1. Could you list which residues have their amide H under 5 Å from that of Ser111, counting only those 5 or more apart in sequence or on another chain, with H placed in the peptide plane?
2. Over the Cα atoms of the range 117-181, how large are the radius of gyration and the largest Cα-Cα distance (Dmax), in Å?
3. Among all the lysines, which ones have a C-alpha under 21 Å from Lys213's C-alpha, if same-chain residues fewer than 8 places away are not counted?
4. With a cap of 16 neighbouring Cβ atoms within 10 Å, and only residues DSSP puts in a loop, list the trypsin sites (Lys or Arg not before Pro) found in the range 104-195.
5. Could you go through the range 82-96 in sequence order and give the Karplus-derived ³J(HN,Hα) for each residue, using 6.51 cos²θ - 1.76 cosθ + 1.60 with θ = phi - 60°, rounded to whole Hz, and x for Gly and Pro?
6. Assuming 0.36 nm per residue, please report the length gained on full extension of the stretch Ile83 to Ser40 beyond their Cα-Cα distance.
7. What number does the range 186-252 give for Rg over Rh if you use C-alpha atoms and the Kirkwood radius?
8. Quick check: from the Cα gyration tensor, does the range 2-95 come out rounded (a/c under 1.5), prolate or oblate?
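The values are calculated or read from the model by the stated rules, or taken from the named source; none is laboratory data. Model, not experiment: these values are computed from the prediction. Cβ coordinates were reconstructed from backbone atoms using ideal geometry, including for glycine residues, and neighbour counts include every protein chain displayed. Side chains included, ligands, DNA and RNA excluded: accessible areas come from the protein's heavy atoms. Shrake-Rupley method; radii C 1.70, N 1.55, O 1.52, S 1.80 Å.
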Amino acid sequence: MHCWVIGRGGMLGSGVEKRLPLAANVYEPKLRFSWNEPDSFAQEIEQEVHDFGKAVAGGPWSIYWCAGVGTVAASEEVLQSEIENIKRFLTAVKNSPGLISNQGSLFYSSSAGGIYAGVTSLPITEQTEAAPRSAYGLQKLKNEEMFGTFGREQGVRVLLGRIANLYGPAQNRSKGQGLVTAICQSYIRRKPAQIFVGLDTVRNYIYVDDAVKSIVRAMGIVADMPNGSVETKIIASNQNLTISAVLKECQTAFGSAPSVVLSRSRDLSAYPPDLRMKSMNFREADNFEPTPFVVGVHRVYQNLLKSNQSGQLAEARN
């Protein structure tokens, strides 16, 4: 099996690449993608897809799309740019005889929070109808539709992974997202963490290693399904926590209570009060001992503490 992770430098992508089966031939692109330069990106992705197709050489393949810089607060321009980049990628795959003639599998990393923001019937499962309430959620849904249409038309298996609140030691702090990382970072700096929603707000938090295990295992199942299969899986933990419960777990991990300041967000419509989730699809992919939340928080804290001691945390503020 030849595998390629797009977005391999991020927290999720790097984790997926490390978790791939030992027997997998992991493709390492020669180029660094110019994500913000459309013409350059089009040439780069076409070249890399071509080279990956040659490496596959008639064997099975899988590509994991784990890239993305968009957030709920992202501008329309940034979100549209991601849509166009995915279009360029899928076009390149379609035009690669080495891939389309040897049907493979695609994974797309989506956002459960963005897709289900307007849902009122709980808990959220894969059978819950999508209800985005922000441009970000609409973008994720559009991207899913592009992957799904591509898979059905080209005979490629597709797994749409709707990921809950992902956290872990390598979270990108410059994106301004990740409650656990923000609380740990503020605690180390001895500054209050700003929280923009009520303490009774419910979310599902999944540690990156657990998410990666679920994704790679589910992809293994999808790889044995008929060509053109398009499946959806919520990548979530077995715990749904209030912000208040998160703060208590952080206190256990730190040894003392973190300081927080409640600040009203300018647009609470994109941040619903309850997004509890439960995955019902490919349950066998989740058959492992999950990382306890307090353990995951402690790992994030320790990683940030090391960064602070080396001066990297201070640099991240700029």
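1. Those qualifying (amide H under 5 Å, at least 5 residues apart or on another chain) are Ile163.
2. Reported Rg and Dmax, both Å: 14.6, 40.
3. Reachable lysines: Lys18, Lys233, Lys278.
4. Listed in order of number, the matching sites are Arg190.
5. Each residue's phi maps through the Karplus curve to give 5, 4, 5, 5, 5, 4, 5, 5, 5, 4, 5, 5, 4, 8, 9 Hz.
6. Result: 13.9 nm gained on full extension.
7. Ratio of gyration radius to Kirkwood radius: 1.17.
8. Judged from the Cα gyration tensor, the range 2-95 comes out oblate (a/c at least 1.5, b/c at or above a/b).
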